[in-house]
Each structure stands twice: as C-alpha cells, then as structure tokens.
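Shown next, in structure tokens, is the structure this report addresses.
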C-alpha cells in the first residue's frame, strides 16, 4: 500500500513539474509562450535584448522571388529586402535589412509611402532598380500615362543608389521604392 502511494505521489509530482514548464505567462507588453515573445499589438518586430519579436512576421510563401540583395543606402554593404507577411492581419509588406543590421518595414497594414495601400499581396514583379537608372512618375494628375518626352528633365530621378521595383504582373500599377536623403520615397510606374 505504501508503495502505491509513493508511485501515485511520484506521478502527481511529475505532472505538476511538467505542467508548470509549459505554463504561459502574460505581461503588460506581451506574452511569452514556449520561449517565443509576441507583442499584443500589430507593431513590427524590434530587437529586445538580442531577441527579435514578434514571430508574427514571416517570409512570403506566395512571392517568388521574395528576397533581393542590393545597396539601398550607398554604404557599400549588402542590404536585403524581403517580402514578408504579418500572420496576425495576413497583410504583406517589405522588410529592409540593411548591411549595418538596421531593420525597417513598409506595409503589413500600415500605409505605404502615402500611396493609398497597406498590403502588397498584389506584387507580381519584385526586382532591383539599379543605381544610375532614370525614373519619373509616369502618371499625370488626370491618371493618364505620360511618356519620356512629356516629362520635364527636372522631374526625372536618377537613382544614386539601388532601389526596389514592385509591380503587378501583366497589369498596370507599381513603382520604385528608393531612399531619398535617408527616407523611403516612391516613384509611380504604370
């Protein structure tokens, strides 16, 4: 009888110890579940004590290619641009991982450079816009596509560093994202 009590006590103790090990804890800034930190809001990830949070930002599985390498900021370090998805709101955006390890995001539910969209699920073309190429907003205020001859030379933009060209596949709509004096800018390309 004493042996049965000992075995039952041992089993209960193991259940309690194992049950406590997977216990979820919640705090005011986020929750920790099985060593993964997840913010309670839709903010993009940021570094907290060498851990990137949250795990709700994942590489896109529908965009191929989904990763580009270029030099957006002209520091001669390779920058990586990825199409990513926020799994909380299921919206897509861009993750910029600069050569100096700085990370920035566009989209995923946040308006992209005042263009009236916050999701890039529509992107079918994802390419590097090479340094030295000349671009211009090729749609006028009436929504009509304009040609090279119709654009003032002062309105043309020669990229001093690489940019990112995104566009709908086999359709109109897209643009070039580039850095202008350290801030992201947009050039409309139909």
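The values are calculated or read from the model by the stated rules, or taken from the named source; none is laboratory data. Values in this document were obtained by computation on a predicted structure and should not be read as measured data. Using ideal geometry, Cβ is built from the backbone for each residue, glycine included, and neighbour counts are taken over all protein chains shown.
One line per residue, one yes/no per condition, for (1) within 13 Å of the chain's Cα centre (by Cα); (2) more than 20 Å from residue 172 (Cα to Cα); (3) part of a helix (DSSP H, G or I):
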position: 73; (1), (2), (3): no, yes, no
position: 76; (1), (2), (3): no, yes, no
position: 95; (1), (2), (3): yes, yes, no
position: 100; (1), (2), (3): no, yes, no
position: 109; (1), (2), (3): yes, yes, no
position: 120; (1), (2), (3): yes, no, no
position: 127; (1), (2), (3): no, no, no
position: 131; (1), (2), (3): no, yes, no
Condition met for residue 87 (surrounded by fewer than 15 Cβ atoms within 10 Å (Cβ to Cβ), more than 18 Å from residue 189 (Cα to Cα) and either in contact (Cβ under 8 Å) with a residue 24 or more places away in the chain or out of contact with any strand residue (DSSP E or B) (no Cβ under 9 Å at 6 or more places or on another chain) (or both)):
yes
Is it fair to say residue 170 is assigned to a strand (DSSP E or B) and touching a residue at least 40 places away in the same chain (Cβ under 8 Å)?
no
Pairs under 8 Å by beta carbon, first residue surrounded by 12 or more Cβ atoms within 10 Å (Cβ to Cβ) in region 139-159, partner part of a loop (DSSP other than H, G, I, E, B) and at pLDDT 90 or above, six or more apart or different chains?
151/136; 156/136; 157/136; 159/130; 159/131; 159/132; 159/133
Would it be correct to say that residue 112 is surrounded by 14 or more Cβ atoms within 10 Å (Cβ to Cβ) and more than 14 Å from residue 189 (Cα to Cα)?
yes
